[in-house]
Amino acid sequence: MQHQFLLPRRRFILSAGAAISLSVIAGCSTSNVLSPDDGTGSDQTETTLGYVNSLRQGRGLSTLVRDPAASVAAMYQAARMARAGKMKHSIGWRDNFQDRMKGQGVTLPAAENIAMGQEDAQRAYEAWVNSPAHLRNMLGSYRGLGVAMATNSVSGNRPYWAMVLCA
């Protein structure tokens, strides 16, 4: 008797779980959070490269060069943050920095600095210099750099910044 009661209950639980799973999967596949296409973005690599290279030269380190893949990855990340209205490295379900960098052709190892609210590249750079972890990234053993800023009306046109450093 107990077995007959449990079988319908299990079917209900399994079907409810499947419906929730499909809802989550469908929500992720149509989510605008992961689409960086709307909004205004700009490549800020050339401007920021001067600041970072002055810092590195002052410490006896080699200069960085503009890396096209890192620039694209930075633009993608800045646009994702602007679209989501969140300053986060990971946005969305199963987001992974290493996978994102590999998928965008960025040479590993790589690092990412992010910022929010700074009006221009100099202020974003200064925010990163004043943060020990971000400063370590800028002084790391990297050769390439990409920097971007993006805004989106969803996030009140607040500037979101991303810097990608790569080998």
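Candidates are the residues of the range 87-114 that are touching a residue at least 40 places away in the same chain (Cβ under 8 Å) and of a type in the set (G, A, S); the one that is farthest from E46 (Cα to Cα) is G92. Scanning for something part of a loop (DSSP other than H, G, I, E, B), out of contact with any His (no Cβ under 7 Å at 6 or more places or on another chain), open to solvent by less than 70 Å² (accessible area, probe 1.4 Å) and modelled with pLDDT of 95 or more, does the range 40-54 turn up at least one residue? Looking for residues that are part of a loop (DSSP other than H, G, I, E, B), out of contact with any His (no Cβ under 7 Å at 6 or more places or on another chain), open to solvent by less than 70 Å² (accessible area, probe 1.4 Å) and modelled with pLDDT of 95 or more, one finds at least one in the range 40-54, hence yes.
Among the residues of the range 74-86, are any more than 15 Å from T45 (Cα to Cα), open to solvent by 60 Å² or more (accessible area, probe 1.4 Å) and not polar (S, T, N, Q)? Scanning the range 74-86, I find at least one residue that is more than 15 Å from T45 (Cα to Cα), open to solvent by 60 Å² or more (accessible area, probe 1.4 Å) and not polar (S, T, N, Q), so the answer is yes. From (1) at pLDDT 95 or above; (2) out of contact with any strand residue (DSSP E or B) (no Cβ under 8 Å at 6 or more places or on another chain); (3) in a helix (DSSP H, G or I); (4) polar (S, T, N, Q), pick out the condition that doesn't hold for S71. Every condition holds for S71 apart from (2). The residue pairs whose first member lies in the range 41-70 and is of a type in the set (K, R), whose second member is surrounded by 13 or more Cβ atoms within 10 Å (Cβ to Cβ) and part of a helix (DSSP H, G or I), and whose beta carbons are closer than 9 Å, counting only pairs six or more residues apart or on different chains, are R56/M138; R66/T45; R66/L49. The residues in the range 127-165 that are modelled with pLDDT of 95 or more, more than 18 Å from the chain's Cα centre (by Cα) and within 21 Å of G41 (Cβ to Cβ) can be counted, and the count is 0. Scanning the range 124-157 for residues that are surrounded by fewer than 14 Cβ atoms within 10 Å (Cβ to Cβ) and over 17 Å from R59 (Cα atoms) returns S153, G156, N157.
The listed residues are A70, A115, and the only one of them that is in contact with a Gly (Cβ under 9 Å, 6 or more places away or on another chain) and closer than 17 Å to T48 by Cα turns out to be A70.
Take the conditions modelled with pLDDT of 90 or more, open to solvent by 70 Å² or more (accessible area, probe 1.4 Å), of a type in the set (S, T, Y) and at negative phi and apply them to S23. Does it pass? Judged against the criteria, S23 is not a match. Across the range 107-123, the number of residues qualifying as among the charged types (D, E, K, R) and either within 21 Å of R143 (Cα to Cα) or open to solvent by less than 70 Å² (accessible area, probe 1.4 Å) (or both) comes to 2.
The values are calculated or read from the model by the stated rules, or taken from the named source; none is laboratory data. Model, not experiment: these values are computed from the prediction. Counting neighbours? That spans all protein chains shown, and the Cβs are built from the backbone with ideal geometry, glycine included. For accessibility, only protein heavy atoms count, side chains too; no ligands or nucleic acids. Shrake-Rupley method; radii C 1.70, N 1.55, O 1.52, S 1.80 Å.
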